[in-house]
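Just below is one structure, and these are the notes that go with it.
FYI, it's all coordinate maths here, none of it is from the lab. None of the values given here were measured: they were computed from a predicted structure. Cβ: placed from backbone, ideal geometry, glycine included. Neighbour counts: every protein chain shown.
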Amino acid sequence: MWRARVFYGWNPMPLALLKNLSCPILGNYGGADTRIPKEHINVLKETLTSYGKTFDIKIYPGAPHAFFNETLPSYRDNEAKDAWKRTLKHFKKYLRD
């Protein structure tokens, strides 16, 4: 089984591609990301829900785009650490031998 983890990524186009998705999705997004508006994230969540897909999407209030990239001024330590914990938990749950 495939797994997917998204850090502030664009929605697939067309969204109908999600119908064929066969893996759980983990999404970590910045609430202050000017590249990926909350509306796009909400549409993604609505689409995944409508197709009955397994997903866990979190929006970090005030976090900008690239909040996980420690080499940039946009890095946010608390949000990045939480997102990494969520990622490890997701992988532990869905990655099996």
Quiz item: In segment 65-91, how many residues are crowded, with 17+ Cβ neighbours inside 10 Å, out of contact with any Lys or Arg (no Cβ under 6 Å at 6 or more places or on another chain) and within 10 Å of Asn28 (Cα to Cα)?
Solution: 4
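Confirm whether Ile57 is of a type in the set (Val, Ile, Thr) and touching a helix residue (DSSP H, G or I) at 6+ places or on another chain (Cβ under 9 Å). Don't jump to the end; show me each part of the working.
On the way: of a type in the set (Val, Ile, Thr): yes; touching a helix residue (DSSP H, G or I) at 6+ places or on another chain (Cβ under 9 Å): yes.
The answer is yes for Ile57.
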Exercise. Among the numbered conditions (1) closer than 19 Å to Leu88 by Cβ; (2) part of a loop (DSSP other than H, G, I, E, B); (3) free of Cβ contacts under 8 Å to residues at least 40 places away in the same chain; (4) among the aromatic types (Phe, Trp, Tyr), tell me where Trp10 comes up short.
Key: (1)
Exercise. Can you run down the residue pairs with Cβ atoms below 7 Å, 6 or more apart or on separate chains, where the first is in segment 62-87 and within 13 Å of Tyr8 (Cα to Cα) and the partner is of a type in the set (Lys, Arg)?
Key: Ala63/Arg76; His65/Arg35; Phe67/Arg76
Quiz prompt | Hits in segment 13-56 (condition: assigned to a helix (DSSP H, G or I), within 22 Å of Lys89 (Cα to Cα) and not basic (Lys, Arg)) | solution = Ile41, Leu44, Leu48, Thr49
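Out of everything in segment 28-62 that is among the β-branched types (Val, Ile, Thr) and farther than 22 Å from Lys85 by Cβ, what residue ends up being surrounded by the most Cβ atoms within 10 Å (Cβ to Cβ)?
To start, the set of residues in segment 28-62 that are among the β-branched types (Val, Ile, Thr) comprises 34, 36, 41, 43, 47, 49, 54, 57, 59.
Right, trim to farther than 22 Å from Lys85 by Cβ and you get 34, 43, 47, 49.
Numbers: Thr34: 8, Val43: 13, Thr47: 19, Thr49: 10.
Among residues in segment 28-62 that are among the β-branched types (Val, Ile, Thr) and farther than 22 Å from Lys85 by Cβ, the one surrounded by the most Cβ atoms within 10 Å (Cβ to Cβ) is Thr47.
In segment 57-97, what residues are charged (D, E, K, R) and part of a strand (DSSP E or B)? Let's see the steps before the verdict.
Taking segment 57-97 and keeping what is charged (D, E, K, R), we get 58, 70, 76-77, 79, 81-82, 85-86, 89, 92-93, 96-97.
Lys58, the sole residue that qualifies.
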